[in-house]
Amino acid sequence: MIFAADIGGTKANLALYEQSGGKLRRVARQRFVSREFGRFEDVIGKFLREEGADGKVTAAGIGAAGPVAGDEVKITHLNWHLRATSLGQELGVPSVTLLNDLEAAGHGLARLGPEDLYTLNAGTAAPQANRALIAAGTGLGEAILTWNGEGYNVLATEGGHCDFAPRTETEIELLRFMKKRFANVCYDQIVSGKGFKRIHEFFAPEARHTSFEDPASDGAPEICRLAKCASCRACVKTLDLWVALYGSEAGNLALKCLARGGVYVGGGIAPKVQEKLKEGAFFEAFCQKSNFSILLEQFPIYIIVNEDAPLLGAASCAAARAGIKI
């Protein structure tokens, strides 16, 4: 069996795959709340016991939300430090493939079908051209894909932590608001799950919602729910601005790598606010780039609606390293 994991600051998705007819067939999947465990090894142990998979894993790939250095990775928004040797011992395999979570998702794109993507902008895809992947969840992840003659190389980045660049008077005021809290303001602090409550506090500092009282909650689900039913004006404004900022940074990434092959919007938030992304503010902000708006209008944009993309990518890389043909 091939073990795969997708670890973020909020959740840890674990799965087992088998090779079947040249494809990956998922045989088990569980979702865990990351903060309920002190170590990732404890999550692995629980998962393998519950699935009856102890001693059955032959290859392992793990996508983690943080920069990978050698055979180690520190999760950016979680107090977990992963080491390949320790994970290999827990899984009973000689080696573990550690990837950045966006790197894993990038490899997973090759495993997705048309039903796993929603076309936000058809554009005109250039064959074998660069692609971009951006994913808002607990934080903001970004990756770049380049053609190597046979397939795509996936370049992990920490682009979500680049400086926030406001475009409008409202966004300039938001930057001033954020500067009171942070010495350096980056997109990750705003275009992410935790960014929702910060934008809401910017618009309505005295307004409080039930989820705001839980220090472990980012308030995003409640803000989005109240925005969708228009029962809170500050929530509506928060979601509107958040979507526009997401589109703007997606356009920044697309320009930096000339993603004529397509821009892929992943992460857990996009499918939940898909109707809002379709309204136009995301695409409008995506294209507002000085002399390059017409160029950007031609870039295809897809929303990844299959949450298993990082798991599929991690499993694919693990299989390749173990010599398992899929």
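Every read-out reported here was derived from the displayed coordinates using simple, explicitly stated rules and does not represent laboratory data. Computed from a predicted model, the values in this text were never measured in an experiment. Note that each Cβ is placed from the backbone with ideal geometry, even for glycine, and that neighbours are counted across all protein chains shown.
At-a-glance table
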read-out	value
Candidates ALA244, ALA259, ALA126: whichever shows maximal mean-square fluctuation once the chain is modelled as a Gaussian network with Cα springs under 10 Å	ALA126
Proxy reagent accessibility, fewest Cβ within 10 Å first, across PHE212, PHE202, PHE3	PHE212, PHE202, PHE3
Principal axis dimensions, largest first and in whole angstrom, of segment 15-64 by Cα	38, 22, 16
Degrees, to the nearest 10: 169-179 long Cα axis against longest axis of the chain	60
Relative frequency of Cα-Cα separations exceeding 27 Å in segment 188-316, percent	25
Fewest-first sequence of TRP147, TRP80 by Cβ atoms within 10 Å of each Cβ	TRP147, TRP80
Free-standing Cys residues across the chain, given no other cysteine C-beta under 4.7 angstrom	CYS162, CYS186, CYS224, CYS229, CYS257, CYS287, CYS317
For segment 266-321, the fraction of alpha-carbon pairs in successive 10 Å shells from zero, as %	20, 35, 26, 16, 2
Nonlocal amide H pairs with LEU120, under 5 Å, H built at 1.01 Å	ILE301, TYR302, ILE303
Calculated from backbone phi, Karplus (6.51, -1.76, 1.60) coupling profile of segment 76-92 in Hz, x at Gly/Pro	4, 10, 7, 7, 10, 10, 9, 10, 4, 5, 5, 5, x, 5, 5, 8, x
Degrees separating the helix 233-257 axis from the principal Cα axis of the chain, which is the longest one	60
5 angstrom amide H check on LYS11, placed H, neighbours 5+ away	SER34
Per-residue [θ]222 nm for the chain (sum of -39500 (n - 2.57) over DSSP H runs n ≥ 4, rounded to 500)	-10500 deg cm²/dmol
For segment 264-326 and segment 113-173, distance of Cα centres in Å	6
Spatial extent of segment 17-130: Rg and Dmax, with the Cα atoms as the point set, Å	16.6, 48
Rg(Cα) / (2.2 N^0.38 Å) computed for the chain, rounded to two decimals	1.00
With Cα atoms, 0 to 90° folded angle of helix 193-203 axis to the chain main axis	10
For VAL68, residues with placed amide H under 5 Å, excluding near neighbours	ASN100
Inter-probe distance in nm under a simple model that places probes 7 Å from Cα toward Cβ, at THR119 and PHE292	2.4
Total charge dipole magnitude, the chain, about the Cα centre, Cβ charges on Lys, Arg, Asp, Glu only, Debye to nearest 20	120
